[in-house]
Amino acid sequence: PFLFGTSWSTRFTIADNNAVTASNSFIYRAFDIALTYSLPLQVGSREWLVKFTPYAGISTSKYDAADPGFGTNTVRDDLERRVGIVVDTQFDKNWGLGVKVQYSHTNSTIPEFRYDNFTVLGGPTYRF
């Protein structure tokens, strides 16, 4: 932790997908940054640990050639921006409950691949 129970992390990704057809081959680049704040919470005689992690990211997918299935000579080029938060509540040493809420917007040179997406995920977490 660098300041009162907070920590930060970054992630940079590059992936190169070489497919049989050039229209399915692409290079993917992504950058994400997150800031985690840990808050100990007293519940009766037990202490739970609640972690709040807001994050933001951006990614690009650049394809090698136009897809003939779309009847155009436009090469697909996608740009996604995303923001969200993860809340993880640790009930005991190993078990907890996590929730992730994310909004993303993708712009593309191909109209069929432009969209806005809102996602909510939740479930048990286990640390080992």
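The values are calculated or read from the model by the stated rules, or taken from the named source; none is laboratory data. Please read these numbers as outputs of a predicted model, since none were measured by experiment. Here the Cβ positions follow ideal geometry from the backbone for every residue, glycine too, while neighbour counts run over all protein chains shown. These accessible areas exclude ligands, DNA and RNA; they are computed on the full protein's heavy atoms, side chains included. Shrake-Rupley method; radii C 1.70, N 1.55, O 1.52, S 1.80 Å.
I need the Debye-formula profile for region 79-128: one equal scatterer per C-alpha, no solvent, reported as log10 I(q)/I(0) at q = 0.21, 0.27, 0.28, 0.33 1/Å, two decimals.
With one equal scatterer per Cα and no solvent, log10 I(q)/I(0) is -0.73, -0.93, -0.96, -1.12.
Per the 1.4 Å probe, what fraction of the accessible area of region 1-127, in percent, lies on carbon and sulfur atoms?
Carbon and sulfur atoms account for 61 percent of the accessible area of region 1-127.
How large is ³J(HN,Hα), in whole Hz, for each residue of region 113-128 in order, when computed from phi with the Karplus curve 6.51 cos²θ - 1.76 cosθ + 1.60 and θ = phi - 60°, using x for Gly and Pro?
Rounded to whole hertz, the list is 10, 8, 6, 10, 9, 10, 10, 10, 10, x, x, x, 10, 9, 9, 9.
Return the label of the correct value of Cα Rg over 2.2 N^0.38 Å, as calculated from the structure shown, out of (1) 1.47; (2) 1.06; (3) 1.41.
(3)
Running a GNM on the chain with Cα contacts under 10 Å, which residue among T106, T72, T53 ends up with the highest mean-square fluctuation?
Among T106, T72, T53, the largest mean-square fluctuation in the Gaussian network model of the chain belongs to T72.
Can you give the extra length, in nm with one decimal, that the chain gains between W48 and V99 once fully stretched, where that is 0.36 nm per residue apart less the Cα-Cα distance?
Answer, rounded to one decimal: 16.8 nm.
Would you calculate the separation in nanometres between label points at I58 and N17, each defined as 7 Å from the Cα along the Cα-to-beta-carbon direction?
So the two model labels end up 2.2 nm from each other.
For F70 and E112 in the same chain, what is the full-extension length gain: residue separation times 0.36 nm, less their Cα-Cα distance, in nm?
Numbers: separation 42, 0.36 × 42 = 15.12 nm, distance 0.93 nm.
14.2 nm is the gain from fully extending F70 to E112.
How much area per residue is accessible in the chain when the probe is 1.4 Å and only protein heavy atoms are counted (Å²)?
Value returned for the chain: 67 Å² of accessible area per residue.
What spacing in nm lies between the two simple spin-label points modelled at T119 and L35, each 7 Å away from Cα in the Cβ direction?
Modelled inter-label distance: 2.3 nm.
Could you derive backbone 3J(HN,Hα) for region 31-45 from the dihedral phi with the Karplus parameters 6.51, -1.76 and 1.60 (θ = phi - 60°), listing whole Hz in sequence and x where the residue is Gly or Pro?
Working through the residues one at a time gives 9, 10, 9, 9, 10, 9, 10, 9, 10, x, 10, 7, 10, x, 8 Hz.
How much of W8 can a 1.4 Å solvent probe reach, expressed as accessible area in Å² and rounded to 10?
Counting only protein heavy atoms, W8 exposes about 150 Å² to solvent.
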